[in-house]
1. List every residue pair whose Cβ atoms sit under 6 Å apart, with the two residues 6 or more apart in sequence or on different chains, where the first one lies in segment 157-181 and is outside the structural domain of Y115 (by TED's automatic domain parsing) and the second, anywhere, is not in a loop (DSSP other than H, G, I, E, B).
2. Identify, by number, the condition in (1) more than 13 Å from the chain's Cα centre (by Cα); (2) in a helix (DSSP H, G or I); (3) of a type in the set (D, E) that E109 doesn't meet.
3. Give the residue that is nearest to A36 (Cα to Cα), with candidates limited to residues of segment 75-106 that are in a helix (DSSP H, G or I) and polar (S, T, N, Q).
4. Does any residue of segment 177-197 turn out to be in a helix (DSSP H, G or I), among the small types (G, A, S) and farther than 27 Å from E90 by Cα?
5. Where residues in segment 106-128 are under 14 Å from W176 (Cα atoms) and surrounded by fewer than 21 Cβ atoms within 10 Å (Cβ to Cβ), which of them is modelled with the lowest pLDDT?
6. Out of the residues in segment 134-162 that are crowded, with 16+ Cβ neighbours inside 10 Å and modelled with pLDDT of 95 or more, state the one that is farthest from L105 (Cα to Cα).
7. Are there any pairs, at least 6 apart or on different chains, whose C-beta atoms fall under 8 Å, with the first in segment 72-86 and modelled with pLDDT of 75 or more and buried (at least 16 other Cβ atoms within 10 Å of the Cβ) and the second in a helix (DSSP H, G or I) and hydroxyl-bearing (S, T, Y), and if so, which?
Amino acid sequence: MHIDQEPAVVRPRARGTERSLARRAELIAIGRKLFADTSYDALSMDDIARQAHVAKGLIYYYFRSKRGYYLAIIEDSVADLVTYAASGLELPAVDRVHRTVDSYLRYAEHHQAAYRTIVSGGVGFDAEVHAIRDGVREAIVTTLAEGAYGRRDIAPLARMGLLAWVCSVEGATLDWIARPELSRDTMCQLLVKTLGGALRAIEELDPAHPAPPPARRDG
């Protein structure tokens with residue numbers, strides 16, 4: 001019996017087989033498109049199954065519930081964001097910061113519903129979505145610390161300064177995707193400059209964490 005027909009009864013012996021993993025990845029890719037600009041409450045499981053052209057039971061089989069499916073989609077999208085933001089180790093620090101901020105804004109711009117869910121905490125109080133959000137924050141703080149100071153192990157004051165900047169970026173980005181009056185490039189430059197201010201404030205309070213020299217842009 002095919003699992004698309006009776007997912008609740010018939011299970012493959014090896015759930016981690018290539019076919020199973022590929023099918024799960026395919027469903028997540030479909031879900032990312034469906035939820036790109038649509039909120040969690042706006043789509044029922046029937047809607048999702050119909051638009052994805054799959055049996056509803058197949059989604060339940062792999063993800064157990066609509067919420068489980070949505071969390072898997074968010075985690076997959078966030079993994080892309082964090083991976084890209086943390087890449088570019090060969091780039092100069094300033095270029096890496098620009099890359100990190102730009103990739104963050106691109107993600108928010110192209111995955112608005114998911115971004116709002118992550119930043120606002122999901123439907124009601126959702127501990128798992130909060131954990132995803134906290135993971136993103138820590139990953140961005142780590143990336144910024146490596147770019148600014150060349151290391152991850154920074155003092156609590158420096159970490160708090162970077163975290164405060166990240167939290168302010170979340171609020172600004174929410175407003176920007178709701179009212180995109182600035183181009184992404186302008187928004188990126190603005191956020192990078194405010195990061196420079198945060199780094200200088202950290203240095204003033206903790207000289208052991210000197211701010212990197214400002215970028216020199218030709219032309």
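1. Going by the 6 Å Cβ cut-off, there are no qualifying pairs.
2. (1)
3. If we take residues in segment 75-106 being in a helix (DSSP H, G or I) and polar (S, T, N, Q), then S77 is nearest to A36 (Cα to Cα).
4. Yes - at least one qualifying residue is present in segment 177-197.
5. Here the residue is A113.
6. I154
7. Once the first residue is modelled with pLDDT of 75 or more and buried (at least 16 other Cβ atoms within 10 Å of the Cβ) and sits in segment 72-86, its partners that are in a helix (DSSP H, G or I) and hydroxyl-bearing (S, T, Y) give I74/T117; S77/Y107.
The values are calculated or read from the model by the stated rules, or taken from the named source; none is laboratory data. All of these numbers come straight from a predicted model, not from anything done at the bench. Counting neighbours? That spans all protein chains shown, and the Cβs are built from the backbone with ideal geometry, glycine included.
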